[in-house]
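S.K.: Have a look at the structure that comes next, please.
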């Protein structure tokens, strides 16, 4: 389509136009690739700074005043606890809300209210969720600065992500499948539980894992809820005080000594690898489930 | 189900009717559980409004609203405490403004390239690659700004302090670029091909078709994406907390340490201020301001985006 158009201009002696278009496309390519190049630089810099510091000791040591002896064990364990708890809280609620919106509430006023509400919640800065967690979970509900308070805060934060991705997954299941199932005498819930959900499962799983991986990298809400920057112990239950990997990294980045910056880089490498593993798992789970589903049908 | 039951002997019918009733009961319970999980999001909003309003109202029983909105000094922890939010607001505006200066040209050009020039195979690779930029934890960007970009800029910009708005703003710009490119690309792609062909038919070149026809037709979507990105920048916390400093300052100088609203909340949260004190309430007053600003921007952005989708 554009080719013929260009030809006309070339015939009209529009070679200056051709040049202009080429220049514009070149500028566009810079705009696309420069940010990606910066991202690569960032990863390269992190690996160069952090990789030499990574060791078994670094992964299994407690924090220390001396940078060379400090490790991330309690922070990493805290993060693992946090994401498991967050998933336990956010996934059932988010999937439930999505099922209600897609399968039950279609045209009700309540559903419309919930929908607008979720769209707005998705745009609320994460630090505001921290203030909610501080006021509601830590103070009003008396959970203190505990793992549970942190996880509940993160769960509310990623809830919109779970709802939106689950709804998209549910929407991919054709209406005719539901109608066929209902016509065979199944109830609404049976249809959802045994036919719709299994088909939507790959999408639901991917969305959920991505939501959890987002929760894993969140720092600001945990700072406000009161995650500890210095944790010389492992958490012993959901009411324990806790540290988290991003908080540990933030603590190290905030110190003036260069040795701690190296620790921060190594901590970031660990955090990114954990997120990468989660994302790879999401892709794997989706492919596995899709393959299984393909064979069944 | 009822038809199948009618064909069975009497006792079986009764049994299945009883079973059917209990099934109906459990369906009802399940349905209300689903409604409840939908309500969690409404309760979250109510919770945010309640927590922010409660502490903010108490804050304003001690500090005058006029001082808060017009004061040029923010020194709540000093003996001579001042509560003018303008320095924090200026810090937020400065970093977000720099971020937009980076993100708008980059995001728009990327969007135009993806929608008008890129072969569809390349687009399928580039779009998720760009979106990866938004998935990197912000603490990682903070590290990048502090450890990589600031020293780099210091060799170019004279008088650049170790903590500054410039470096934090630029990195934030890179982070929000994919928000603009992704949503603008959607808006540009949604412009009907008829319009492009009509422009070509009238003899316009590809570039003039893009800038005189396609981009103007997608304006509301493009503006929506920019406002959304701005809202994200205003609420962004870790990059500025790490790289922009913690000194509330009413200045437009991008080279010196400043403090944003979000950084202030982090700074106080790290210090373990006892609940119920005026210092504790300042973070909710600042949080309310932040919430109102981002909420207004999000609503505006949604309105504009809806307009381009309806078309």
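S.K.: If residue B:301 meets every condition in (1) more than 9 Å from every other protein chain (Cβ to nearest Cβ); (2) on the phi < 0 side of the Ramachandran plot apart from one, which number is that one?
M.R.: So the condition that residue B:301 fails would be (1).
S.K.: Scan region B:137-162 residue by residue and report those that are facing chain A (nearest Cβ under 7 Å) and either within 15 Å of residue B:184 (Cα to Cα) or not in a helix (DSSP H, G or I) (or both).
M.R.: The answer is B:137, and nothing else.
S.K.: Sticking with this one: So if I check each of A:71, A:135, A:144, which one is at positive phi and either away from chain B (no Cβ under 14 Å) or more than 23 Å from the chain's Cα centre (by Cα) (or both)?
M.R.: A:144
S.K.: Is there a residue in region B:247-258 that is within 8 Å of chain A (Cβ to nearest Cβ), in contact with a helix residue (DSSP H, G or I) (Cβ under 9 Å, 6 or more places away or on another chain) and touching a residue at least 60 places away in the same chain (Cβ under 8 Å)?
M.R.: No - not one qualifying residue is present in region B:247-258.
S.K.: Just to check your reading of the model, which residue among A:96, A:123 is under 24 Å from residue A:279 (Cα atoms) and surrounded by fewer than 21 Cβ atoms within 10 Å (Cβ to Cβ)?
M.R.: The conditions single out A:123.
S.K.: Still on this structure, please answer the following. Before we move on, is residue A:129 at pLDDT 95 or above and out of contact with any strand residue (DSSP E or B) (no Cβ under 6 Å at 6 or more places or on another chain)?
M.R.: yes
Here's the yes/no breakdown for (1) surrounded by 15 or more Cβ atoms within 10 Å (Cβ to Cβ); (2) at pLDDT 60 or above; (3) not in a loop (DSSP other than H, G, I, E, B):
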| position | (1), (2), (3) |
| --- | --- |
| B:12 | no, no, yes |
| B:19 | no, yes, yes |
| B:22 | no, yes, yes |
| B:25 | no, yes, yes |
| B:28 | no, yes, yes |
| B:31 | yes, yes, yes |
| B:41 | yes, yes, yes |
| B:44 | yes, yes, yes |
| B:47 | yes, yes, yes |
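S.K.: Something else about it: Out of all the residues in region A:41-59, is one or more over 17 Å from residue A:263 (Cα atoms), touching a helix residue (DSSP H, G or I) at 6+ places or on another chain (Cβ under 8 Å) and facing chain B (nearest Cβ under 10 Å)?
M.R.: Yes, the conditions are met somewhere in region A:41-59.
S.K.: Would you mind stating whether residue A:238 is buried (at least 24 other Cβ atoms within 10 Å of the Cβ) and either closer than 30 Å to residue B:276 by Cβ or more than 13 Å from every other protein chain (Cβ to nearest Cβ) (or both)?
M.R.: Judged against the criteria, residue A:238 is not a match.
S.K.: Among the residues of region A:103-119, count how many are at pLDDT 90 or above and surrounded by 21 or more Cβ atoms within 10 Å (Cβ to Cβ).
M.R.: 2
S.K.: Let me ask something else about it. Hey, does region B:292-310 have a residue that's in contact (Cβ under 8 Å) with a residue 12 or more places away in the chain and farther than 30 Å from residue B:190 by Cα?
M.R.: no
S.K.: Just one of the numbered conditions (1) under 30 Å from residue B:165 (Cα atoms); (2) more than 12 Å from chain A (Cβ to nearest Cβ) is not true of residue B:231; which one?
M.R.: The failed condition is (2).
S.K.: So which residues in region B:262-283 are within 19 Å of the chain's Cα centre (by Cα) and facing chain A (nearest Cβ under 9 Å)?
M.R.: B:262, B:265, B:266, listed by residue number.
The values are calculated or read from the model by the stated rules, or taken from the named source; none is laboratory data. The shown structure was predicted, so the numbers you read here are calculated from the model rather than taken from an experiment. Note: ideal-geometry Cβ built from the backbone for every residue, glycine included; neighbour counts use all protein chains shown.
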